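Everything below concerns the one structure shown next.
The values are calculated or read from the model by the stated rules, or taken from the named source; none is laboratory data. Here the structure is a predicted model, which means the values were calculated and not measured. Counting neighbours? That spans all protein chains shown, and the Cβs are built from the backbone with ideal geometry, glycine included. Surface areas here come from the heavy atoms of the whole protein model, side chains and all, with no ligands, DNA or RNA. Shrake-Rupley method; radii C 1.70, N 1.55, O 1.52, S 1.80 Å.
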Amino acid sequence: MNPWNTRFQNENYVYGTEPNVFLAEMQRKLPLSGDALAIAEGEGRNAVFLAEQGMNVSAWDYAESGLSKMNKLADEKGVKVNTQLVDLNEAVWQQNKWDEIVCIFGHFPEVLRKKTLQGVKESVNPGGYFITEVYSHYQIPYNSGGPQNLELLYKPEEFLNVFSDWRIVHFFMGEVVRHEGELHNGLSHVIQFVGQKTE
């Protein structure tokens, strides 16, 4: 049984319908355009936001109920998102495919995390961006959201090592306040990373 499929079966959007605050901030600052991919996108709030900015957006998730709600939200906002049922364990990462890849609070076991970050690195076009905000390995005591399993939380060196040859546009680890639906609420400990592929 896929727990995410179960989680997203309610009519309400458990993480809300507004985009992640950090993603919205980066969208205002960076020249984002073209073909964007949102991975582990859940119910679609970030993918729909990017589509509203005029981008051609695809979204991957492995919960059919989440993709269904994503399509509904896109319809309500008058935009189109290309939703795809994708298990990241089996994802095919095409070389130099996307102008932007976005991952907001996508948490996976360590082996899959490394594979996914490497896939992201290969699939971003030269000059394109990877934008992510995730919970750090210090998050558990904060009780404001995210996995209660240390193996599913990120350490800063994971980004800094994988993307060491990219231009780091933004890097932050520390406390932020998030109010995103029912499940992300309050003071949180996050890692934010924005990198631009240089070649």
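Results for (1) touching a strand residue (DSSP E or B) at 6+ places or on another chain (Cβ under 9 Å); (2) open to solvent by 10 Å² or more (accessible area, probe 1.4 Å); (3) in a loop (DSSP other than H, G, I, E, B); (4) modelled with pLDDT under 95, shown as yes or no for each residue.
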position: Trp4; (1), (2), (3), (4): yes, yes, no, yes
position: Asn12; (1), (2), (3), (4): no, yes, yes, yes
position: Glu18; (1), (2), (3), (4): yes, yes, yes, no
position: Leu37; (1), (2), (3), (4): yes, no, no, no
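Inclusion of Asn71 among residues that are without any contact (Cβ under 8 Å) to a residue 40 or more places away in the chain and open to solvent by 70 Å² or more (accessible area, probe 1.4 Å) is not warranted. Taken over region 140-171, the criterion of being under 17 Å from the mean Cα position of the chain (by Cα) and open to solvent by 70 Å² or more (accessible area, probe 1.4 Å) is satisfied by Lys155, Phe171.
All conditions in (1) farther than 23 Å from Ser123 by Cα; (2) of a type outside the set (A, V, I, L, M); (3) touching a residue at least 40 places away in the same chain (Cβ under 8 Å); (4) out of contact with any helix residue (DSSP H, G or I) (no Cβ under 7 Å at 6 or more places or on another chain) hold for Thr198, with the sole exception of (1).
Within region 12-32, residues that are over 20 Å from Ile168 (Cα atoms) have Cβ atoms under 8 Å from residues that are exposed (fewer than 15 other Cβ atoms within 10 Å of the Cβ) and of a type in the set (A, V, I, L, M) in these pairs: Val14/Leu183; Tyr15/Leu183, counting only partners at least 6 apart in sequence or on another chain.
Restricted to region 39-62, and to residues there that are open to solvent by less than 30 Å² (accessible area, probe 1.4 Å) and of a type in the set (S, T, N, Q), the residue that is farthest from Glu90 (Cα to Cα) is Asn46.
As for region 75-84, it holds at least one residue that is in contact with a helix residue (DSSP H, G or I) (Cβ under 9 Å, 6 or more places away or on another chain) and crowded, with 22+ Cβ neighbours inside 10 Å.
Among residues of region 156-174 that are free of Cβ contacts under 8 Å to residues at least 12 places away in the same chain, those with a beta-carbon under 8 Å from a residue that is β-branched (Val, Ile, Thr) and open to solvent by 70 Å² or more (accessible area, probe 1.4 Å) at least six positions away or on a different chain give the pairs Leu160/Ile168.
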